[in-house]
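Undergrad: What follows is a single structure, and I will ask about it in a moment.
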Amino acid sequence: MSPTGPFEEFRKDEIEQSIPVRFEQQVALYPDRLAAKGARYEFTYRQLNATANQIAHAILARRGPGQEPVGVLLNTDALAVAAYLGILKAGKSYVPLDAAFPRERLADWLEDSTAGLIVTDVARSSLAESLAGPDRSWLLADDLDATLPCSDPNLSLSPDTVATIYYTSGTSGRPKGVYTSHRNLLQHIQRVTNAQRVQPTDRLASVRSISFGGAMKDVFGAVLHGASVWFFDLQRRGFGQMASWLAENEITIYVSVATTFRHLAASLSPGISFPALRYLHIGGEPLSWSDLELFKQHFSPTCVFNLGFGITETGNVAYYPIDQETKLEEGDIPAGYPLLGMEVLILDEAGQEVKPGQLG
């Protein structure tokens, strides 16, 4: 399942558009290719586009045109991708909400973002109704009016239109909303997918909560390249099942934080191997020497092990790719090299750039 054919770079000029335009280009190229697959839903590009269009038309009928945030209260499955795209096609921005989070946190995010509509499903409708209260409405993405149009809304959207609002973890205080425009998101996907050399034959695993900012790399890294995103509910199914799921579904690109990777590696039985897996991306935490040893022990010689450095506000800034032949002195793994278009500066307390080898 490794990529075949020449790699097509995501060009710099292609970020000067909206996400729906880029997605619809992939629909035209790969209408019958699998786009998104989860435990309950799976869509080809044609089906994903049709469902997203119906959601967009339902939102426009409820709220009319114009920029505004819309909450997404769905589980980690392919229907969430249709909801994201439908909201963007309607000219709105999406705010992902994880139903597993405390209700107070979700209510705070809705209030802070000023979202007036929640896209949800029947299974979460009671929670959505509770969160909506008297001032918001909700829309069931799995119970749409069958007469809604499946055609593209074809709204003209500036690349500066806000696409997403993700919230930080709140480790330094109250979680903050990070506003990302269509241009910013496309540039972020351009940096990441060019580094990973994503192609239409790739299968990208999504094992993270959809409310986590990094999850947008899994979703848009796939559907803006003709590839497919495959959802795994880690909370429900556990690490033992994830290992066999990665192998059986021939996942080619896996992304998680280091702790998740360690639990995955610890769950592996001697018979499990991942011949299709060509790219392991670990972010969110520093890598240790023992992580590198786990990679060399369990993954194929053709697989690249990559440390990604970044934060919710910026996305990935630097990558440090490692393969089985990489020679490193035992100790800390370097944070890596700046991605395309990024500049990394280390500053002292006075805000001045420090020289190589100095602390900052």
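Undergrad: Do we find a residue being of a type in the set (V, I, T) and either open to solvent by 10 Å² or more (accessible area, probe 1.4 Å) or not in a strand (DSSP E or B) (or both) anywhere in region 227-242?
TA: Checked region 227-242: no residue is of a type in the set (V, I, T) and either open to solvent by 10 Å² or more (accessible area, probe 1.4 Å) or not in a strand (DSSP E or B) (or both).
Undergrad: Could you grab the pairs with beta carbons closer than 7 Å, sequence gap of 6+ or different chains, first residue in region 339-359 and modelled with pLDDT under 90, second one surrounded by fewer than 11 Cβ atoms within 10 Å (Cβ to Cβ)?
TA: L345/E353; I346/E353
Undergrad: Looking at this structure, is Y45 aromatic (F, W, Y), open to solvent by less than 40 Å² (accessible area, probe 1.4 Å) and farther than 25 Å from D32 by Cβ?
TA: In short, no.
Undergrad: Being among the small types (G, A, S), surrounded by 14 or more Cβ atoms within 10 Å (Cβ to Cβ) and in a helix (DSSP H, G or I) is the filter here, so list the residues in region 245-279 that pass it.
TA: Answer for region 245-279, where residues must be among the small types (G, A, S), surrounded by 14 or more Cβ atoms within 10 Å (Cβ to Cβ) and in a helix (DSSP H, G or I): A247, A258, A265, S267.
Undergrad: Another one. Pairs please, first residue from region 57-71 and surrounded by fewer than 17 Cβ atoms within 10 Å (Cβ to Cβ), second anywhere and not hydrophobic (A, V, I, L, M, F, W, C), Cβ atoms under 8 Å, 6+ apart in sequence or on different chains.
TA: R62/S137; P65/G91; G66/G91; Q67/G91; Q67/K92; Q67/S93; Q67/T161
Undergrad: For the structure I just gave you, tell me whether S130 is of a type in the set (S, T, N, Q) and at pLDDT 95 or above.
TA: yes
For every residue, the table says whether it meets (1) in contact with an Asp or Glu (Cβ under 8 Å, 6 or more places away or on another chain); (2) open to solvent by 30 Å² or more (accessible area, probe 1.4 Å); (3) among the basic types (K, R).
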{"residue": "V119", "(1), (2), (3)": "no, no, no"}
{"residue": "D143", "(1), (2), (3)": "yes, yes, no"}
{"residue": "D160", "(1), (2), (3)": "no, yes, no"}
{"residue": "Y179", "(1), (2), (3)": "no, yes, no"}
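Undergrad: Continuing with the same structure: Could you list, in sequence order, the residues of region 57-92 that are under 20 Å from the mean Cα position of the chain (by Cα) and assigned to a helix (DSSP H, G or I)?
TA: A78, L79, A80, V81, A82, A83, Y84, L85, G86, I87, L88, K89
Undergrad: Which pairs turn up if I take residues in region 77-96 that are touching a residue at least 60 places away in the same chain (Cβ under 8 Å) and on the phi > 0 side of the Ramachandran plot and look for partners that are hydrophobic (A, V, I, L, M, F, W, C) and part of a loop (DSSP other than H, G, I, E, B) with beta carbon separation below 8 Å, at least 6 apart in sequence or on another chain?
TA: Going by the 8 Å Cβ cut-off, the qualifying pairs are G91/L155; G91/L157.
The values are calculated or read from the model by the stated rules, or taken from the named source; none is laboratory data. The structure presented is a predicted model; accordingly, all values stated were derived computationally and were not measured. A quick note on method: Cβ atoms are made from the backbone with ideal geometry, for glycine too, and the neighbour counts reach across all protein chains shown. Heavy atoms of the whole protein, side chains included, go into the accessibility calculation; ligands, DNA and RNA do not. Shrake-Rupley method; radii C 1.70, N 1.55, O 1.52, S 1.80 Å.
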